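*Asks:* Quick one: structure below, then a few questions.
The values are calculated or read from the model by the stated rules, or taken from the named source; none is laboratory data. In this text, all values refer to a predicted model and were calculated from it rather than measured experimentally. Heads up, the Cβs are rebuilt from the backbone with ideal geometry, glycines too, and the neighbour counts pull from every protein chain shown.
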Amino acid sequence: MGAGVEMPVDSDRRDATGNGATGNDAAGNPPMLRVRLLGTMAVSREGLPLPLPASRKVRALLAYLALAPHPVTRSHLCELLWDVPNDPRGELRWCLSKIRSIVDGPDRQHIRVAGDTIRLDLTDCAVDAIEVAKALQHGMQALDLSELRALAALFEGDFLEGLEIDRSPLFDGWLAAQRRRFRGYRAALLERLVADIPDEEAFDHLETWRELAPFDPRVHERILTALARCGRIREGEEHLAAAARLFEAEDIDFTPVREAWRSARIQAETGSRPAAPVSAGAPPERPESPERPDEPVADRPRRASVAVMPFADRSGAIEPRGGPADALVHDVITRLAKLRSLFVIAQGTVFALRERGMGPEQAGRTLNVDYIVAGSLQRQGERVVASVELAETQTARILWAEVFDYRLDQAFDVLDRIGNSIVASIASEIEAVERNRAILKPPNSLDAWEAHHRGLWHMYRFNRADNERARHFFETSVRLDPTFSRAYAGLSFTHFQSAFQHWEDREAETARACEAARLSLMADDRDPAAHWAMGRALWLNGHQDQSVLELESAIDLSPNFAMGHYTLAFFHSQAGDAEAAIRASDQSRELSPFDPMLFGMLGARAMALVRLGRFEEAAEWGVRAAARPNAHAHILAIAAYSLALADRVEEARTYVATIHRARPDYRIGDFLTAMRFHPDAAALFRKGAKRIGIR
């Protein structure tokens with residue numbers, strides 16, 4: 001990892017903290033060594049405090065190694081902590097000797113050196129920061145009240161409170177990132193805790209939460225609601241007035257908090273339950289994605305919301321505003337908005353929050369978005385490195401983190417490639433989280449957004465029963481929200497699957513796929529998924545040229561729409577430009593390397609290679625496609641026929657056996673009827689089928 005890349009807390013790299021927040025091991029034994037990072041740094045052995053060296057760099061090095069997810073090179077540590085010293089490695093050795101005097105015992109060595117790398121082995125130790133990160137990364141919903149209290153008690157202050165180092169900009173960047181992260185964890189923990197304890201007990205926790213996130217509307221709502229329930233109306237009015245002045249000074253909309261106080265007072269005074277107030281923290285600026293001007297904000301159907309905060313520039317020199325890091329964020333915001341599946345906070349808002357000094361976690365809570373994206377950009381010699389994280393705002397849980405490292409051959413091309421990767425990854429990760437969340441909810445409690453994602457979960461199982469379940473949930477979604485174009489697109493896909501797999505009458509299902517795609521386009525003709533659905537439906541009807549035009553429209557609307565690139569590869573692989581099919585397949589996999597449709601992306605490439613006569617390559621790609629989860633009979637057939645054409649007949653027959661276990665009557669005609677091959681290509685696949693005895 002490069003010297004300037006923010007290092008996340010890897011809470012799963014060791015089971016150092018045992019069960020819950022106790023720090024005990026699996027047998028219930030207390031740890032030999034405890035390290036406190038949440039507050040003023042402290043180390044204790046078997047309950048007795050150990051004296052720490054006066055050197056700030058020794059303490060900084062100990063903290064950095066404690067949270068490092070992997071062994072760290074000496075050169076990285078030297079670059080991190082020393083500003084061109086006379087003998088950096090000598091100073092590093094001295095610091096390590098001081099750390100050994102703290103953490104090592106007569107029978108236990110915690111500093112591990114392997115070649116040029118160093119790590120801190122904490123398998124019998126407890127580190128409060130790791131305990132918190134591990135518990136929250138696994139989800140707060142599983143924690144009981146005693147565990148929540150124990151975790152909250154671990155915070156004795158800010159992360160490495162009072163520890164600052166002069167002339168160490170890389171360490172300063174790491175320290176600032178960790179402080180932001182643990183403030184976010186603490187705020188999320190307190191939010192969860194105060195929901196489960198009596199109001200009088202909650203006030204101290206609420207005050208701590210307010211100090212951590214003074215512009216988070218939810219904490220002010222909770223304080224006001226608790227004061228109203230306790231009959232402390234005058235205190236509530238005083239808090240409301242003070243909070244209003246704070247928000248107005250920063251030009252943040254305070255109306256939702258006022259409405260929450262009004263509702264809390266009515267409920268406290270009458271015992272009735274008033275109408276739900278406007279959601280606190282609604283974004284102060286509209287998203288980049290276009291909205292219907294006549295549609296009231298409060299009536300818009302729910303979508304997952306995301307804010308992409310300005311990236312930090314870690315290149316060393318002071319970059320003016322509007323440099324490469326800002327350009328990359330602008331590009332990511334614009335591309336995410338073009339996907340049309342997310343509520344994306346506008347660039348002006350997130351950059352304004354940066355100017356006010358808000359970190360990503362606090363900004364996410366202020367904006368009341370579901371997800372927050374943060375990162376950094378750094379130039380290292382002839383390379384550009386972007387470090388990006390996607391976090392869930394309410395829990396501060398990191399859902400995805402990645403480092404993108406490219407050669408600096410052409411600056412704009414590199415930023416474009418990084419932007420592509422970031423946007424595709426964010427969209428894919430959010431969709432996966434929303435699918436998994438929806439599948440856990442009772443079916444009769446789903447809103448349109450959740451029903452759509454429940455449908456996606458079933459759709460990606462690629463079997464007849466789940467396809468029927470997916471259809472049901474997509475129909476539920478469009479019934480709840482007739483303007484939801486993505487739900488119509490999903491419904492069209494289920495009809496496409498029924499026709500393609502011949503689960504139901506092909507002609508009837510093709511007509512239904514076309515109708516659902518038409519409704520998707522009527523709902524939002526700028527949604528790339530709507531054009532994707534229409535392209536697939538037209539292909540079923542035999543309109544190859546029109547289907548390609550629709551898919552090209554989808555890609556023009558959103559160049560990051562991986563499904564558009566994949567489906568274009570699928571169509572071209574059979575009767576269009578085989579070379580174009582290979583390029584489109586590669587592009588789709590670069591945009592979405594873990595896509596549920598990855599087997600199709602690989603299979604399309606294999607079919608294109610068969611048409612080009614490159615049978616050995618086709619066989620390799622066909623085998624890769626067949627190895628993917630949920631690869632259906634047609635994908636297994638691609639592998640079998642490609643292997644046969646490459647004279648790997650015995651391997652091909654193993655796939656035939658697998659197909660026939662699931663579909664004993666599967667024939668070459670089933671494969672060719674599902675596809676729409678050019679006659680020459682169909683002849684090649686018939687030749688392969690004949691070699692392995694499929695008629």
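*Asks:* If I go through segment 577-608 residue by residue, how many of them are surrounded by fewer than 24 Cβ atoms within 10 Å (Cβ to Cβ) and of a type in the set (Lys, Arg)?
*Replies:* Number of matching residues: 2.
*Asks:* Condition (residue is outside any helix (DSSP H, G or I), outside the structural domain of Thr673 (by TED's automatic domain parsing) and among the aromatic types (Phe, Trp, Tyr)) applied to segment 438-453: is it met by at least one residue?
*Replies:* The answer is no; no qualifying residue exists.
*Asks:* Based on this model, can you work out whether Asp481 counts as within 27 Å of Lys338 (Cβ to Cβ) and among the acidic types (Asp, Glu)?
*Replies:* Against the criterion (within 27 Å of Lys338 (Cβ to Cβ) and among the acidic types (Asp, Glu)), Asp481 qualifies.
*Asks:* Kindly check whether there is at least one residue in segment 325-334 that is in the same structural domain as Ser425 (by TED's automatic domain parsing), assigned to a loop (DSSP other than H, G, I, E, B) and either within 24 Å of Thr255 (Cβ to Cβ) or at pLDDT 85 or above (or both).
*Replies:* no
*Asks:* Could I ask something else about it? How many of the residues making up segment 483-523 are β-branched (Val, Ile, Thr), under 32 Å from the mean Cα position of the chain (by Cα) and at pLDDT 95 or above?
*Replies:* So the count comes out to 1.
*Asks:* Please state which one of Arg379, Arg397 is touching a Ser or Thr at 6+ places or on another chain (Cβ under 6 Å) and crowded, with 17+ Cβ neighbours inside 10 Å.
*Replies:* It is Arg379.
*Asks:* Take Ala391 and tell me if it is under 28 Å from Arg186 (Cβ atoms) and either of a type outside the set (D, E, K, R) or modelled with pLDDT under 90 (or both).
*Replies:* yes
*Asks:* Output the residues belonging to segment 662-684 that are part of a helix (DSSP H, G or I), of a type outside the set (Asp, Glu) and within 14 Å of Trp503 (Cβ to Cβ).
*Replies:* If the condition is that a residue be part of a helix (DSSP H, G or I), of a type outside the set (Asp, Glu) and within 14 Å of Trp503 (Cβ to Cβ), then Ala662, Thr673, Ala674 are the ones that fit.
*Asks:* With the structure loaded, tell me whether Asp370 is assigned by TED's automatic domain parsing to the domain that holds Gly323, acidic (Asp, Glu) and under 19 Å from the mean Cα position of the chain (by Cα) or whether it fails that test.
*Replies:* Against the criterion (assigned by TED's automatic domain parsing to the domain that holds Gly323, acidic (Asp, Glu) and under 19 Å from the mean Cα position of the chain (by Cα)), Asp370 qualifies.
*Asks:* Okay, moving on. If you take the residues in segment 467-494 that are among the polar types (S, T, N, Q) and assigned to a helix (DSSP H, G or I), which one is surrounded by the fewest Cβ atoms within 10 Å (Cβ to Cβ)?
*Replies:* Thr476
*Asks:* When the residues of segment 183-229 are narrowed to those that are surrounded by fewer than 24 Cβ atoms within 10 Å (Cβ to Cβ) and aromatic (Phe, Trp, Tyr), which ends up farthest from the chain's Cα centre (by Cα)?
*Replies:* Per the stated criteria, the residue is Phe203.
*Asks:* Name the residue that is nearest to the chain's Cα centre (by Cα), counting only residues in segment 643-667 that are within 20 Å of Gln574 (Cα to Cα) and either crowded, with 19+ Cβ neighbours inside 10 Å or not assigned by TED's automatic domain parsing to the domain that holds Ala608 (or both).
*Replies:* Ranking the qualifying residues of segment 643-667, first place goes to Leu643.
*Asks:* Is one or more of the residues making up segment 101-112 among the charged types (D, E, K, R), surrounded by 18 or more Cβ atoms within 10 Å (Cβ to Cβ) and in contact (Cβ under 8 Å) with a residue 60 or more places away in the chain?
*Replies:* Within segment 101-112, none of the residues are among the charged types (D, E, K, R), surrounded by 18 or more Cβ atoms within 10 Å (Cβ to Cβ) and in contact (Cβ under 8 Å) with a residue 60 or more places away in the chain.
*Asks:* State whether one or more residues within segment 253-261 are modelled with pLDDT under 85 and part of a loop (DSSP other than H, G, I, E, B).
*Replies:* So far as segment 253-261 goes, yes, one or more of its residues are modelled with pLDDT under 85 and part of a loop (DSSP other than H, G, I, E, B).
*Asks:* Arg526 fails exactly one of the following numbered conditions: (1) at pLDDT 95 or above; (2) within 34 Å of the chain's Cα centre (by Cα); (3) farther than 13 Å from Ala674 by Cα; (4) not acidic (Asp, Glu). What is the number of that condition?
*Replies:* For Arg526, the failing item is (1).
*Asks:* Given the options Ala282, Ala275, name the one that is more than 23 Å from Arg365 (Cα to Cα) and at pLDDT below 60.
*Replies:* So the residue among Ala282, Ala275 that is more than 23 Å from Arg365 (Cα to Cα) and at pLDDT below 60 is Ala275.
*Asks:* Could you tell me whether Asp525 is surrounded by fewer than 24 Cβ atoms within 10 Å (Cβ to Cβ) and part of a helix (DSSP H, G or I)?
*Replies:* In short, no.
*Asks:* Next question. Here's a check for you: in segment 51-64, which residue that is outside any helix (DSSP H, G or I) and of a type outside the set (Ser, Thr, Tyr) is farthest from Trp174 (Cα to Cα)?
*Replies:* Looking at residues that are outside any helix (DSSP H, G or I) and of a type outside the set (Ser, Thr, Tyr), I get Pro51.
*Asks:* So is Trp503 aromatic (Phe, Trp, Tyr), touching a helix residue (DSSP H, G or I) at 6+ places or on another chain (Cβ under 9 Å), part of a helix (DSSP H, G or I) and surrounded by fewer than 23 Cβ atoms within 10 Å (Cβ to Cβ) or not?
*Replies:* For Trp503, the condition - aromatic (Phe, Trp, Tyr), touching a helix residue (DSSP H, G or I) at 6+ places or on another chain (Cβ under 9 Å), part of a helix (DSSP H, G or I) and surrounded by fewer than 23 Cβ atoms within 10 Å (Cβ to Cβ) - is not met.
*Asks:* Mind checking whether some residue in segment 451-472 is touching a residue at least 60 places away in the same chain (Cβ under 8 Å) and farther than 28 Å from His572 by Cα?
*Replies:* Looking through segment 451-472, none of the residues is touching a residue at least 60 places away in the same chain (Cβ under 8 Å) and farther than 28 Å from His572 by Cα.
*Asks:* Tell me yes or no: at least one residue of segment 551-565 is hydroxyl-bearing (Ser, Thr, Tyr) and surrounded by fewer than 24 Cβ atoms within 10 Å (Cβ to Cβ).
*Replies:* Scanning segment 551-565 turns up at least one residue that is hydroxyl-bearing (Ser, Thr, Tyr) and surrounded by fewer than 24 Cβ atoms within 10 Å (Cβ to Cβ).
*Asks:* Looking at segment 434-466, which of the residues that are aliphatic (A, V, I, L, M) and buried (at least 19 other Cβ atoms within 10 Å of the Cβ) is nearest to Thr393 (Cα to Cα)?
*Replies:* Ala438
*Asks:* What residue, of Trp82, Trp94, is crowded, with 19+ Cβ neighbours inside 10 Å and closer than 25 Å to Arg167 by Cβ?
*Replies:* Trp82
*Asks:* A further question follows. Starting from segment 652-672, keep only residues that are under 11 Å from Ile692 (Cβ atoms), then list their pairs with residues that are surrounded by fewer than 14 Cβ atoms within 10 Å (Cβ to Cβ) whose Cβ atoms are within a distance under 9 Å, requiring at least 6 positions of separation or different chains.
*Replies:* Hits for this filter: Arg653/Gly693; Val656/Gly693; Ile668/Lys690; Ile668/Arg695.
*Asks:* Here's something else I'd like to know. List pairs: first residue in segment 212-225 and farther than 12 Å from Glu259 by Cα, second residue β-branched (Val, Ile, Thr) anywhere in the structure, Cβ distance under 9 angstrom, at least six positions apart or on different chains.
*Replies:* Leu212/Val219; Ala213/Val219; Ala213/Thr366; Phe215/Ile252; Phe215/Thr366; Asp216/Thr366; Val219/Val194; Arg222/Val194
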